[in-house]
Amino acid sequence: MPVENVWLLYSTDAQLTGKWGLHADAQIRRARSAATLRQNQVRVGVNYTANPQVVLTAGYSYVDLYSADEAPAAIQAPEHRLYEQLILQDDQGLVRMQHRYRLEQRRLTRPGEEEPVYLNRFRYQMRLTLPLRGKAIEPGTPYIAAANELLFNFGRNLIGGIFDQNRAAIAVGYQFTKATALEAGYLNLLSPTANQARQRHIAQLSLTFNPDLRPPTLNPTQY
């Protein structure tokens, strides 16, 4: 099972008021070697925290997708996305559970084509985290995380059917502070091709930083 790709990820959710916050993340994806481009992505959004279990987000992302050639021969295919997202989370038990529902409106140029096309996509991810020490993921706690995400295309301009991808991942992490965590893990990406499904084996390294920027006078439990 050789690792074919490496994904480096950074994500932040900054809480600004009792209900409102900002989201940003960036991804660098490489195949076979650092010189083989795969994808770069930047995403930004506005978060609305309805309550501690429900978070709504809307935003924009820009993606540079490349053919599987080494730079500078790789063909660049840019993509612009709008997205809307709902996160439902349960932090009460030993195992944290999170459900993420995301709609994407994609305007992209496929490799080798000149005119952009419009696509719609729906994504659902379930993620579980379990502390490896103690009963909660607190500063100084190692943990294990597992996730599975299904991606479906719909609407016009479909190529290859409705099913787009399945992403199954497992990782080990460490919660350094209340805001900062680091994870390293493996992702199995399954996608359909003309004749059969194709699997890609991906190593992931992810840094998360979620600062609370609310004024000290604001009670964090008041939503």
Open item on the list: Within region 173-193, does at least one residue satisfy the condition of being at pLDDT below 90, surrounded by fewer than 12 Cβ atoms within 10 Å (Cβ to Cβ) and farther than 22 Å from Asn5 by Cα?
Closed with: no
TODO: Tell me which residues, restricted to region 95-135, are more than 21 Å from Ala184 (Cα to Cα) and among the hydrophobic types (A, V, I, L, M, F, W, C).
DONE: Leu103, Leu108, Val117, Leu119, Phe122
Task: Qualifying positions in region 108-121 - under 27 Å from Ala147 (Cα atoms) and of a type outside the set (A, V, I, L, M) - done: Asn120, Arg121
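Counting only residues that are closer than 29 Å to Leu132 by Cα and assigned to a strand (DSSP E or B), how many does region 154-189 have?
Start the filter on region 154-189 by keeping residues that are closer than 29 Å to Leu132 by Cα, which leaves 166-189.
Next cut, assigned to a strand (DSSP E or B) only: 166-175, 180-189.
Number of matching residues: 20.
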TODO: Filter region 72-91 for residues that are modelled with pLDDT under 85 and either part of a loop (DSSP other than H, G, I, E, B) or farther than 21 Å from Gln41 by Cβ (or both) and give the result.
DONE: Pro72, Ala73, Ala74, Ile75
Open item on the list: Just to be sure I understand the filter: pairs with C-beta atoms under 7 Å, separated by 6 or more residues or on different chains, first member in region 93-105 and surrounded by fewer than 14 Cβ atoms within 10 Å (Cβ to Cβ), second member of a type in the set (Lys, Arg). Which pairs pass?
Closed with: Leu94/Lys135
Task: Matching residues in region 148-172 - criterion: being modelled with pLDDT of 95 or more and of a type in the set (A, V, I, L, M) - done: Leu150, Leu151, Ala168, Ala169, Ile170, Ala171, Val172
Open item on the list: Of the conditions (1) over 21 Å from the mean Cα position of the chain (by Cα); (2) acidic (Asp, Glu); (3) modelled with pLDDT under 90; (4) farther than 21 Å from Ser191 by Cα, Asp69 satisfies every one except a single condition; which number is it?
Closed with: (4)
TODO: Write out, first by first residue and then by second, each pair whose Cβ atoms fall under 8 Å of each other, whose residues are 6+ apart or on separate chains, and whose first residue, in region 37-52, is closer than 24 Å to Leu16 by Cβ while the second is modelled with pLDDT under 90 and surrounded by fewer than 16 Cβ atoms within 10 Å (Cβ to Cβ).
DONE: Thr49/Tyr223; Ala50/Tyr223; Asn51/Tyr223; Pro52/Asp91; Pro52/Tyr223
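Give region 100-142 a look and list any residue that's assigned to a loop (DSSP other than H, G, I, E, B) and of a type in the set (Lys, Arg), or say none.
The initial filter retains those residues of region 100-142 that are assigned to a loop (DSSP other than H, G, I, E, B), namely 109-116, 132-140.
If the condition is that a residue be assigned to a loop (DSSP other than H, G, I, E, B) and of a type in the set (Lys, Arg), then Arg110, Arg133, Lys135 are the ones that fit.
Go over the candidates Asn166, Asn120, Asn153, Asn148 one by one and state the one that is surrounded by 15 or more Cβ atoms within 10 Å (Cβ to Cβ), within 21 Å of the chain's Cα centre (by Cα) and without any contact (Cβ under 8 Å) to a residue 24 or more places away in the chain. Break it down stepwise before answering.
Details: Asn166 fails: without any contact (Cβ under 8 Å) to a residue 24 or more places away in the chain; Asn120 fails: without any contact (Cβ under 8 Å) to a residue 24 or more places away in the chain; Asn153 fails: without any contact (Cβ under 8 Å) to a residue 24 or more places away in the chain.
Going through Asn166, Asn120, Asn153, Asn148 in turn, just one is surrounded by 15 or more Cβ atoms within 10 Å (Cβ to Cβ), within 21 Å of the chain's Cα centre (by Cα) and without any contact (Cβ under 8 Å) to a residue 24 or more places away in the chain: Asn148.
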- [ ] Would you mind stating whether Thr217 is over 20 Å from the mean Cα position of the chain (by Cα), under 24 Å from Asp90 (Cβ atoms) and not in a strand (DSSP E or B)?
- [x] no
Task: Selection status of Ala50, part of a strand (DSSP E or B), modelled with pLDDT of 95 or more, within 23 Å of Tyr174 (Cβ to Cβ) and of a type in the set (Gly, Ala, Ser) - done: no
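The values are calculated or read from the model by the stated rules, or taken from the named source; none is laboratory data. It should be emphasised that the depicted structure is a prediction, and the values quoted were computed from it without experimental measurement. For neighbour counting, all protein chains shown are included, and Cβ atoms are generated from backbone atoms with ideal geometry for every residue, glycine included.
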